[in-house]
1. Students often forget the sequence filter, so: which aspartates and glutamates lie under 13 Å Cα-Cα from LYS261 once same-chain residues fewer than 8 apart are removed?
2. Between rounded, prolate and oblate, where does segment 284-394 land on the alpha carbon gyration tensor, with a ≥ b ≥ c its root eigenvalues, rounded for a/c under 1.5, else prolate if a/b exceeds b/c?
3. List the GluC sites (Glu not before Pro) within segment 329-364 that fall in a DSSP loop (any state other than H, G, I, E or B) and whose Cβ has at most 15 other Cβ atoms within 10 Å.
4. Using Cα-Cα distances under 8 Å and only pairs 6 or more residues apart, what relative contact order does segment 222-292 have, in percent?
5. Excluding residues fewer than 8 places away in the same chain, name every one of the lysines whose C-alpha is closer than 17 Å to that of LYS388.
6. Have a look at the chain and give its Rg and Dmax from the Cα atoms, expressed in angstrom.
7. Among ILE176, GLN268, ALA241, whose Cα sits farthest toward the positive end of the charge dipole of the chain (+1 at Cβ of Lys/Arg, -1 at Cβ of Asp/Glu, about the Cα centre)?
8. Could you give the semi-axes, largest first, of the ellipsoid that matches segment 202-373, computed as the square roots of 5 times the alpha carbon gyration tensor eigenvalues and rounded to whole Å?
Amino acid sequence: MKQEEGPSVDTKHEQSRLRIALVMRDYSCSKGGAERYFVNLSRTLAKMGHEVHVFAAVFTEPGEQGIHFHRAPMIAKPAFLRLLSFFINARRMIHEHRDRLDLVQSLTMVYPCDLFRLGGEVQREWLKIRCPSPLARVLKLIFSPAYILNLHFEKKIMDLKNTGEIITISALEKKILMQYYDYPEDRITVVYNGVDHRQFHPGVKKFRDEVRKNLGIRNSELVGLFSANNFQRKGLDAVIAALALLPVQNRPRILVIGRGKAAPYQRQARRMGVEDRLLFHGSVPDPERFYGASDFLVLPSRYDSFGNVHLEALACGLPVITTRMAGGSEVVREGETGFVLDSTDCVEALANAILQMDDPERRRRMADRAPETVQDFTLKRNAVETTKAYRKVLNEKRFVDNQ
């Protein structure tokens with residue numbers, strides 16, 4: 001098992017202590033991949049010796065040495081007011097602390113900031129994919145004011161006057177961003193996520209028997225894991241359609257975890273005669289146990305900047321089936337550690353990829369190969385590359401100040 005790198009630092013650019021503000025609504029390891037990244041980044045930066053200030057509305061994780069919590073008031077509902085209230089209060093609080101900070105990094109729709117991490121999707125692209133027709137997009141905006149607000153915030157953030165540097169988490173996301181916004185390419189840096197190899201590693205297979213017993217799954221059954229909080233965007237409907245194309249004896253069980261709404265997909269599965277193949281388990285605080293109980297990850301995303309689940313699954317020794325519209329596909333080696341489909345609509349190709357997982361020898365080879373291909377994607381490496389972006393921003397600011 002690849003051990004996570006320790007907190008010691010040995011390069012010159014990392015040695016001086018920075019006072020860093022990190023901004024995001026939820027400081028939580030259980031809500032989703034972006035939130036878990038937020039927590040891990042704060043902790044890793046603190047271990048590296050930096051002074052970290054976390055501005056958030058919801059805290060579910062304990063504090064640690066070197067991390068200072070600042071709670072920004074937020075109206076929980078409706079979504080429009082949740083976005084707006086956090087934006088107003090977080091921005092006000094950051095402004096009050098600005099003289100005591102070297103740098104502000106926003107991981108959500110809050111500006112101005114020195115550096116913005118685009119860890120989600122480009123809103124304009126996702127609206128286009130979710131609502132293909134112009135009329136559908138207009139109706140979506142009319143009935144969902146939160147979308148209008150997100151589009152407004154995104155436009156403001158992509159203005160150099162409000163954001164000094166942008167980090168994207170995949171080459172795909174950088175490409176899409178530049179299709180919509182005239183932001184200087186030399187100020188956009190790709191920094192891939194890291195994975196906590198102490199939590200996600202091949203040893204999670206020890207949970208297999210226990211989890212399967214609790215879920216009523218036989219040890220002999222082939223199990224694909226679908227892990228997401230947005231079932232539509234991650235392509236659960238395509239997985240169901242692909243199952244229906246497979247011979248009955250080759251249909252695996254699909255274990256679905258995450259906060260998505262199950263009912264529409266249960267109805268689809270019932271119509272297509274594969275209802276018994278799906279098992280919905282909701283959101284889980286310990287995803288590593290479910291990786292350990294599964295044989296492969298299937299996530300045929302319509303659009304995904306870079307879901308952490310790709311790295312986590314590979315680190316646990318699970319082959320991955322995904323699409324080119326998922327940034328995580330950039331770490332999947334076609335035919336070696338999984339399969340990368342052209343799009344979510346390639347249902348026959350998806351069915352064939354799932355069928356390939358039914359070959360125990362092929363699956364074993366992929367599972368053995370997977371962990372070593374992501375062993376260098378550590379939390380420490382991500383933090384080091386992020387601090388390089390910090391130094392770049394600060395050097396540019398000093399240059400401007402000296403003019």
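Derivation of every value follows stated rules applied to the coordinates shown; laboratory data play no part. Just so we're clear, the structure is a prediction, and the values are computed from it rather than from any experiment. Heads up, the Cβs are rebuilt from the backbone with ideal geometry, glycines too, and the neighbour counts pull from every protein chain shown.
1. ASP237
2. prolate
3. Answer by residue number: GLU336.
4. In percent, rounded to a whole number, it is 37.
5. Partners found: LYS12, LYS47, LYS380, LYS397.
6. Cα only, the chain: 21.4, 72 Å (Rg, Dmax).
7. It is GLN268.
8. Working: eigenvalues 81, 70, 52 Å².
Its equivalent ellipsoid spans semi-axes of 20, 19, 16 Å.
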